[in-house]
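Values quoted throughout were computed directly from the atomic coordinates according to the rules given, and no laboratory measurement underlies them. As the structure is a computational prediction, the values presented were derived from the model and not from experiment. Note that we place each Cβ from the backbone using ideal geometry, even for glycine, and neighbour counts take in every protein chain shown.
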Amino acid sequence: MATLERRELGNTGFKLSCVGFGASPLGKVFGDVSHEDALAAVRLALQSGINFFDTSPFYGGTLSETVLGNCLSELKVPREEFIVSTKCGRYKDGFDFSAQRVTRSIDESLARLKLDYVDILHCHDIEFGSLDQIVNETIPALQKIKESGKARFIGITGLPLGIFTYVLDRVPPGSVDVVLSYCHYGINDSTLVDLLPYLKSKGVGVITASPLAMGLLTDVGPPEWHPAPSELKSACKAAAAHCKEKGKNISKIALQYSLMNKEIATVLVGMNSSKQVEENLAAAVELSSLGIDEDLLHEVEAVLQPVKNLTWPSGIQQKPNPA
């Protein structure tokens, strides 16, 4: 099998597989996953060149971290052969970005992951907290965790793109190493591209997630709770049907589209079975050898044009900072 492309993540020195293993499904957030299936998926991912795994204590109420930790431990993979990111600040019982809570959080995560350190510790969905608290309290606490060696690099995640510039403009240079953006680099919404020069100027690495827009760009469609407006759901459903009529799968071309931009270090895709790992790998390898199906891409883009870059609100109303 062709090798999976690796890309540099900002100034971290990491080279991430262009497809990253999103471990939220291991927390059974999309349905039951046996230990055997989880182990087989992680094993195949590692054997196939996927070296980046992303989790959070929020996924499955800590279950995702526990399952991923058990799998990595059982497979006895040398620590330097994989890169793990986890998160802090968002939990099953709500959000807490206080210095005290995030400092405790990393120790809890390391115990579940059975690791001495994580490669990246993200502050999870910061738009649900006070961004000024993130700047003045949370990130300084994460810096101390970094200095302690429990996390090698620090990141921030969330949906609204404005949160990244707000924080990065207010923290000392080098305080944040990575941003993880989701649902803003796909066929239906590519607004992240406008932010890439700014992030590069700040020396910040870029990870994107949800190339399928949390289920919008799939044959089965999004879950009931999906926050997208109805016109976006309808357009995505029509685009999926168009692909199906052509004997194609919208999920494959959606992933390939997200993989095309080399300035994005990795595209995180949720996986919970060997079959899903195989499908994602095949899409990536096909893209690198044959390129994307340009005709189909243009047809899908035409269907989605009326809703291009349409998103949905996320987080709390931020009080404007006079500074």
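How would 55, 138, 62 line up from fewest to most surrounding beta-carbon atoms within 10 angstrom?
So the ranking, lowest neighbour count to highest, is 62, 138, 55.
Stretched out fully, how many nm does the piece from residue 262 to residue 244 gain, at 0.36 nm a residue minus the Cα gap?
In short, 3.7 nm is gained.
State the antiparallel share, in %, of DSSP beta bridges confined to the chain, rounding to the nearest 5.
Expressed as a percentage, antiparallel bridges in the chain total about 15.
Evaluate the distance, in nm, between pseudo-label points positioned 7 Å from the Cα of residue 108 and of residue 133 along their respective Cα→Cβ axes.
1.5 nm
How long is the gain from residue 230 to residue 194 if the chain were fully straight, where each residue apart is worth 0.36 nm and the alpha carbon distance is subtracted?
Once the chain is fully extended between residue 230 and residue 194, it gains 10.4 nm.
Around residue 91, which amide H atoms from residues at least 5 apart in sequence, or from another chain, sit under 5 Å from its own amide H, with H modelled in the peptide plane?
Amide H to amide H, under 5 Å and 5 or more residues apart or across chains, residue 91 pairs with 96.
Distance from the Cα centre of the range 249-323 to that of the range 58-73, in angstrom?
Taking the Cα centre of the range 58-73 as reference, the centre of the range 249-323 is 25 Å away.
Hey, can you grab everything whose amide H is under 5 Å from the amide H of residue 209? Only 5+ residues off in sequence or another chain; H modelled, so Pro and N-termini drop out.
181, 182, 183, 184, 268
For the range 196-323, divide the Cα radius of gyration by the Kirkwood radius and give the resulting Rg/Rh value with two decimals.
Using Cα coordinates only, the ratio equals 1.01.
Please compute the modelled spin-label separation between residue 34 and residue 275, points set 7 Å along Cα→Cβ, answer in nm with one decimal.
1.3 nm
Could you order peptides 120-132, 98-110 by the average number of other Cβ atoms within 10 Å of their residues, highest first?
Those peptides, ordered most packed to least, come out 120-132, 98-110.
When the gyration tensor of the range 84-229 is built from Cα positions, what are the square roots of 5 times its three eigenvalues, in whole Å, from largest to smallest?
They are 26, 19, 14 Å, listed from largest to smallest.
Going 7 Å from the Cα of residue 288 toward and past its Cβ, which residues in the range 239-274 have a backbone nitrogen under 17 Å from where you end up?
Correct set: 255-269.
What distance in nm separates the simple spin-label points at residue 75 and residue 314, each placed 7 Å from Cα in the Cβ direction?
2.6 nm
How would the range 1-62 be classified by its alpha-carbon gyration tensor: rounded, prolate or oblate, with rounded meaning a/c under 1.5 and the a/b versus b/c comparison settling the rest?
oblate
Could you work out the pair-distance distribution P(r) of the range 68-149 from its alpha-carbon pairs, with 5 angstrom bin width and percents rounded to whole numbers?
For the range 68-149, the binned pair fractions read 3, 14, 27, 22, 16, 10, 6, 2, 0 percent.
For a quick check: sort 212, 16 by the number of other beta carbons within 10 angstrom, fewest at the front.
212, 16
Kindly list the residues of the range 120-140 that lie in the label zone of residue 98, defined by a backbone N under 18 Å from the point 7 Å along the Cα-to-C-beta vector.
The answer is 124, 128-140.
Percent of alpha carbon pairs in the range 135-181 separated by more than 18 Å?
24 percent
In deg cm²/dmol and to the nearest 500, what is the mean residue ellipticity at 222 nm of the chain if only DSSP H runs of at least 4 residues count, each as -39500 (n - 2.57), divided by the residue total?
The helix-only estimate for the chain comes to -11500 deg cm²/dmol at 222 nm.
Order these by the 10 Å Cβ neighbour count, fewest first: 29, 206.
Exposure proxy ranking, most exposed first: 29, 206.
Sorted by average packing, counted as other Cβ atoms within 10 angstrom per residue and highest first, what order do 40-50, 4-14 take?
40-50, 4-14
Can you give me the Cα centroid spacing of the range 89-119 and the range 163-183 in angstrom?
Centre-to-centre (Cα) distance: 19 Å.
Kindly rank 248-255, 77-84 from highest to lowest mean number of other beta carbons found within 10 Å of each residue.
248-255, 77-84
Kirkwood hydrodynamic radius, computed over distinct alpha-carbon pairs, for the chain: how many Å, to one decimal?
Hydrodynamic radius (Kirkwood, Cα only) of the chain equals 19.9 Å.
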